[in-house]
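The values are calculated or read from the model by the stated rules, or taken from the named source; none is laboratory data. Since the structure is predicted, the reported quantities are computational estimates derived from the model, not experimental observations. Positions of Cβ are generated from backbone atoms using ideal geometry, with glycine treated the same way; all protein chains shown enter the neighbour counts.
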Amino acid sequence: MSQFKLQQDVFTQATRIPNCFIEKYMPKAAGEFVKIYIYLLKCVEENRSELSIAKIADALEDSEKDVIRALKYWEKKGLLKLTFEDGTLTSLRMISFAEMTDETEKITVNVSAKPAQPAEPAKEQEAAQEVFSAEEGEEPKTVYTKKQYTPTEIASFSEKDDVTMLLYSIQKYLGHALSGADLNTVLFFYDTLKLPADVIEYLFEYCISKGHKHMRYIEKTAIGWAEQGISTLKGAKALNSIYSDSCYPVLKAFGLNGRKPSKGEADYVSRWTLSYGFNMEMILDACNRTMDTIHQPSFEYADSILKRWKSAGISSMEEVKALDEKREKAIAGSMKTAQRKKDERSKNASSNKFNNFDQRTYDYSELEEKLFNV
């Protein structure tokens with residue numbers, strides 16, 4: 001039997017089985033039909049453009065008639081598109097996973113805070129919008145809207161090499177295939193937030209390394225990065241370093257445990273590390289001095305200390321200690337001078353004319369006796 005051309009819309013370098021297929025189509029299909037469909041998915045993901053009925057039958061140890069029956073069954077179910085010329089199969093098109101997204105949303109539970117709504121056929125181009133902020137209770141500087149991408153849009157994005165590799169990497173990090181909602185969220189990062197593919201990949205790596213696999217958490221982190229203007233992998237790593245290595249130790253020094261730093265607090269820490277160029281030892285010392293002096297956390301007060309050090313050219317704890325010693329010596333010198341002046345005033349007061357006479361002495365027992373005998 002002649003070969004036919006196998007066409008594909010999405011190439012992700014991994015065999016993905018849509019949830020809608022498992023939950024809706026697989027239970028009602030014959031086992032051999034399911035096996036053949038999964039094999040076709042594998043061929044698509046391996047980018048095998050040439051295939052034949054005979055090759056499928058040999059690979060699965062089935063008869064060619066069984067293969068043909070399976071293909072026609074799945075075409076009837078709307079998962080394949082077969083093209084025949086003179087009774088010979090010349091082309092087989094797999095309906096992309098994205099085109100089954102609507103069904104997925106209908107029959108599966110969406111774990112995100114606000115489930116995406118399936119697009120109606122007549123309104124396919126309308127975007128279902130969802131507004132997010134970087135932190136709960138805070139208004140973002142920019143309001144981002146999360147749209148529901150159409151199958152055509154998803155297929156177009158998936159043709160890009162960087163998106164293809166990104167989707168493959170994300171699945172590796174998550175340990176499972178992306179659902180339709182997950183795929184839509186990743187494209188939201190890429191298309192709306194304008195985060196480059198390498199930054200998005202690092203986003204998943206970073207969040208998952210911290211034990212956060214929920215897409216909602218990853219989404220909030222992505223929006224936070226976008227609001228802070230992160231556009232490169234270097235910038236993303238630098239920002240995470242500030243949060244992980246700087247912000248949380250500062251909060252701990254101030255006794256503000258158990259919460260994330262606010263945008264303003266993070267800006268202070270960023271200024272101290274990036275603009276002032278201080279290491280964490282110096283920053284924490286300024287925080288400790290703040291607590292010792294005013295007995296309450298204050299980023300403003302700590303900033304005034306660090307700003308003085310910056311103006312004085314101080315760049316190490318050794319120089320800070322030298323400055324402290326110099327100040328202590330100056331204070332000690334001032335105290336000695338003040339004491340010496342005080343002693344001189346006392347000495348002068350004891351030698352003036354007012355005190356230059358014989359002091360009287362009294363017998364208080366005799367005076368008391370006279371007082372009561374009056």
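Which ranges mark the helices (runs of 4 or more DSSP H) fully within the range 14-123 that have 1 or more residues being loosely packed, with under 13 Cβ neighbours inside 10 Å and modelled with pLDDT under 80?
On the way: elements: 31-45, 53-60, 64-76, 101-107.
Helices (runs of 4 or more DSSP H) meeting the threshold: 101-107.
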Filter result (more than 11 Å from residue 250 (Cβ to Cβ) and hydroxyl-bearing (Ser, Thr, Tyr)) within the range 280-307: 293, 298, 301, 304
Failed item, numbered, when residue 251 is tested on (1) over 28 Å from residue 150 (Cβ atoms); (2) in contact with a Ser or Thr (Cβ under 9 Å, 6 or more places away or on another chain); (3) among the hydrophobic types (A, V, I, L, M, F, W, C): (2)
Filtered residues of the range 147-178 (kept if of a type in the set (Gly, Ala, Ser), more than 27 Å from residue 209 (Cα to Cα) and in contact with a Ser or Thr (Cβ under 9 Å, 6 or more places away or on another chain)): 155
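Looking only at the range 345-364, decide whether some residue is acidic (Asp, Glu), loosely packed, with under 10 Cβ neighbours inside 10 Å, modelled with pLDDT under 85 and not assigned by TED's automatic domain parsing to the domain that holds residue 240. Walk me through it before giving the result.
Step one: filter the range 345-364 for residues acidic (Asp, Glu), giving 358, 363.
After this cut, where a residue has to be loosely packed, with under 10 Cβ neighbours inside 10 Å as well, the list is 358, 363.
Retained after the next criterion (residues that are modelled with pLDDT under 85): 358, 363.
Keeping just the survivors that are not assigned by TED's automatic domain parsing to the domain that holds residue 240 gives 358, 363.
So far as the range 345-364 goes, yes, one or more of its residues are acidic (Asp, Glu), loosely packed, with under 10 Cβ neighbours inside 10 Å, modelled with pLDDT under 85 and not assigned by TED's automatic domain parsing to the domain that holds residue 240.
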For residue 199: the one exception among (1) free of Cβ contacts under 8 Å to residues at least 60 places away in the same chain; (2) under 21 Å from residue 95 (Cα atoms); (3) in a helix (DSSP H, G or I): (2)
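Yes or no: residue 273 in the same structural domain as residue 252 (by TED's automatic domain parsing) and touching an Asp or Glu at 6+ places or on another chain (Cβ under 9 Å)? If you could, list the steps in order and put the result at the bottom.
Numbers: in the same structural domain as residue 252 (by TED's automatic domain parsing): yes; touching an Asp or Glu at 6+ places or on another chain (Cβ under 9 Å): yes.
So residue 273 passes the test.
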Scan of the range 237-288 for residues that are under 19 Å from residue 304 (Cβ atoms), acidic (Asp, Glu) and at pLDDT below 90, ordered by number: 265, 267
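Table: residues versus (1) among the hydrophobic types (A, V, I, L, M, F, W, C); (2) in contact (Cβ under 8 Å) with a residue 60 or more places away in the chain; (3) in contact with a Cys (Cβ under 7 Å, 6 or more places away or on another chain).
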{"site": "238", "(1), (2), (3)": "yes, no, no"}
{"site": "252", "(1), (2), (3)": "no, no, no"}
{"site": "266", "(1), (2), (3)": "yes, no, yes"}
{"site": "273", "(1), (2), (3)": "no, no, no"}
{"site": "295", "(1), (2), (3)": "no, no, no"}
{"site": "310", "(1), (2), (3)": "no, no, no"}
